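Bear in mind that the values in this text are calculations on the coordinates, not laboratory data. Just so it is clear, the structure is predicted and the values come from calculations on it, not from any experiment. Please note: Cβ atoms are built from the backbone with ideal geometry, for glycine as well, and neighbour counts cover all protein chains shown.
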Amino acid sequence: MIELDRLVRRYGEREALSDVSLSLPTGKTVVVFGPNGAGKTTLLRVLATLLRPHSGAVTVLDRQLPDEAWRVRGRIGLLGHEPLLYRELTPRENLRYHARLHDVPQERVQERLQAVSMTNRADEPLRTLSRGMVQRVAVARATLHDPELLLLDEPYANLDPAAIDLVMPLIGAESGRTRVVSSHDPSRGLAEADLVLGLRAGRAVIVKAAPDVGPEEIAELYR
Amino acid sequence: MRRTVGALVRKELLVELRTLESVPGMALFAVTTFVVFHFALNQNTVSGQEAAGILWVTLLFAAMLGVNRLFVADADQGGFDGFLLAPVDRTALLLAKALALLCYLLVLELVAVPAFGLLLLGPPLGQALPGLLAPLALGDLGVAAIGTLVAALAVRTRARDLLGPLLALPLLVPIVIGCARASAPLLVSAHPGGPALRWIATLALYDLVFGLIAYAVFDFLLED
């Protein structure tokens with residue numbers, strides 16, 4: 001479960017998130033919409049414990065941040081703009097490295113490579129792979145340790161329709177995990193949301209159940 | 001902790017082996033600097049304090065190349081975030097980076113010290129080498145501790161290439177002084193002695209102090 005109460009996060013003088021409040025039950029999905037610079041990535045990084053909230057209360061997986069951040073690390077899977085993978089290492093080497101950090105059995109690496117259909121390119125350096133393939137490996141990395149909470153920043157970017165179908169069981173609604181998804185795609189976003197958060201200049205201008213939000217309301221955010 | 005440090009060191013060495021971005025540059029820099037000294041001093045050989053000074057200043061600046069690049073792959077490719085998301089003791093990163101830097105310094109010295117013996121040193125290197133091991137080891141430990149600390153601090157700033165050396169050099173000066181003074185008696189032409197024990201003890205104390213400081217503050221450097 002995620003609870004935000006008047007969350008504020010600043011970069012210098014600028015407020016990237018201003019008084020954002022939200023409640024997301026376990027197993028549900030909130031989709032975050034907003035134009036570039038609205039604070040979507042900052043929100044995901046606060047929830048991932050990578051950025052400290054400057055004021056307000058943040059509870060993630062029933063733990064208070066930042067004081068209990070160490071208790072939730074390892075229970076979160078983050079899929080951001082960066083794949084968090086080393087370009088000079090192969091997909092298999094990258095996943096083995098993360099498996100050791102998360103104390104996950106090494107057999108899981110092969111299982112995840114199969115799940116994202118990357119076994120045939122698993123031993124080539126990441127820098128030689130296409131962006132879509134790297135994104136598939138990043139999905140394998142983010143779900144390697146079977147996290148309870150998925151934080152997904154435009155997760156389908158760079159993926160073709162077949163690849164999206166491939167990763168859906170891992171990071172889609174059918175994964176059964178609690179998810180925070182940032183998106184620019186109203187139709188896909190609304191289809192997989194239980195709750196919608198619309199951000200503009202760091203402020204929450206929409207916080208509603210997904211059935212109560214229409215594509216027009218999302219489009220209005222970007223005008 | 002051991003498992004995490006092992007995974008991090010293995011990753012560090014794999015990335016370096018694939019890119020060869022640090023160690024070859026450090027070794028080449030050291031050899032080139034000895035050649036420059038050879039011509040700039042207009043001397044075929046050096047010995048004593050002069051030799052020790054040239055050796056340690058060269059090793060220090062060559063080490064700075066490795067220090068500057070120590071966290072670059074992590075900062076540029078999201079390795080920091082990947083590590084910070086894992087449920088592990090963050091001190092493991094300090095230990096792993098210091099161990100990796102230690103490995104780079106060992107390889108550097110395997111190239112640079114014989115090159116120094118060939119290109120500049122007057123007395124035979126063989127007679128000085130056993131005594132040089134202690135200052136080399138203590139110098140490496142100090143550079144690894146201070147270099148890792150400073151590199152972690154500098155890499156998150158925009159001027160990391162400038163800030164790293166600016167912060168590291170003043171902190172590394174006592175190590176250069178200690179190593180040079182400890183090595184000088186070994187590099188004299190006539191009647192070479194053993195390493196100066198007073199300076200060896202000073203180096204060990206300095207390493208210990210900075211090892212503890214690095215251990216104490218490293219967690220805070222990784223925090224937002």
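Ignoring lysines fewer than eight residues from residue A:40 along the same chain, the ones with Cα atoms less than 28 angstrom from its Cα are A:28, A:208. Using a/c under 1.5 as the rounded threshold, could you call the protein assembly as shown rounded, prolate or oblate? The axes a ≥ b ≥ c are square roots of the C-alpha gyration tensor eigenvalues, and prolate needs a/b larger than b/c, oblate otherwise. Taking the square roots of the gyration eigenvalues as a ≥ b ≥ c, the protein assembly as shown is prolate. First check a/c for the range B:52-181, with a ≥ b ≥ c the square roots of the eigenvalues of its C-alpha gyration tensor; if it is under 1.5, answer rounded, and if not, answer prolate when a/b is larger than b/c or oblate otherwise. Because a/c hits 1.5 or more and a/b exceeds b/c, the range B:52-181 counts as prolate.
Candidates A:69, B:13, B:121 compared by Cα position along the dipole of the protein assembly as shown: farthest toward the positive end lies B:121, with charges placed on Cβ. Amide hydrogen proximity for residue A:207: with H placed 1.01 Å from N in the peptide plane, the residues at 5 or more positions away or on another chain lying under 5 Å are A:198.
Spatial offset of the range A:154-223 relative to the range A:70-98 amounts to 23 Å, using the alpha carbon center of each. Computed from point charges on the beta carbon alone (+1 for Lys and Arg, -1 for Asp and Glu), the dipole magnitude for chain B about its Cα centre is near 200 Debye. Net charge in the neighbourhood of residue A:25 (other residues with Cβ under 13 Å of its Cβ; Lys, Arg +1, Asp, Glu -1) is -1. Here the range B:9-107 is treated with +1 on each Lys and Arg Cβ and -1 on each Asp and Glu Cβ, and its dipole about the Cα centre works out to around 120 debye. Comparing A:193, A:81, A:32 along the charge dipole axis of chain A, the residue lying farthest to the positive side is A:81, per the Cβ-charge model. Here the Karplus curve 6.51 cos²θ - 1.76 cosθ + 1.60, taken at θ = phi - 60°, turns the phi angles of the range A:52-62 into couplings of 8, x, 8, 7, x, 10, 10, 10, 10, 6, 6 Hz, with x standing for Gly and Pro. Charges were assigned to the Cβ only: +1 to each Lys and Arg, -1 to each Asp and Glu. The resulting dipole of the range A:67-223 about its Cα centre is roughly 420 debye.
Put a dot 7 Å past the Cα of residue B:173, heading toward its Cβ, do the same for residue A:3, and the two dots end up 5.5 nm apart.
Given in Å, the Rg to one decimal and the Dmax to the nearest whole number for the Cα atoms of the range B:2-222 are 17.8, 59. Based on the Stokes-Einstein relation at 4 °C and a viscosity of 1.567 mPa s, and on the Kirkwood radius from alpha carbon pairs, the range A:1-147 is assigned a translational diffusion coefficient of 78 µm²/s. Protection proxy ranking for B:92-100, A:46-54, using the average of other Cβ atoms within 10 Å per residue and placing the highest first: B:92-100, A:46-54. The lysines within cross-link reach of residue B:11, meaning a Cα-to-Cα straight distance under 16 Å and a gap of 8 or more places when in the same chain, are B:97.
Here's how it looks for residue A:16: its modeled amide H is under 5 Å from those of A:9, A:10, A:11, which are all 5 or more places away or on a different chain.
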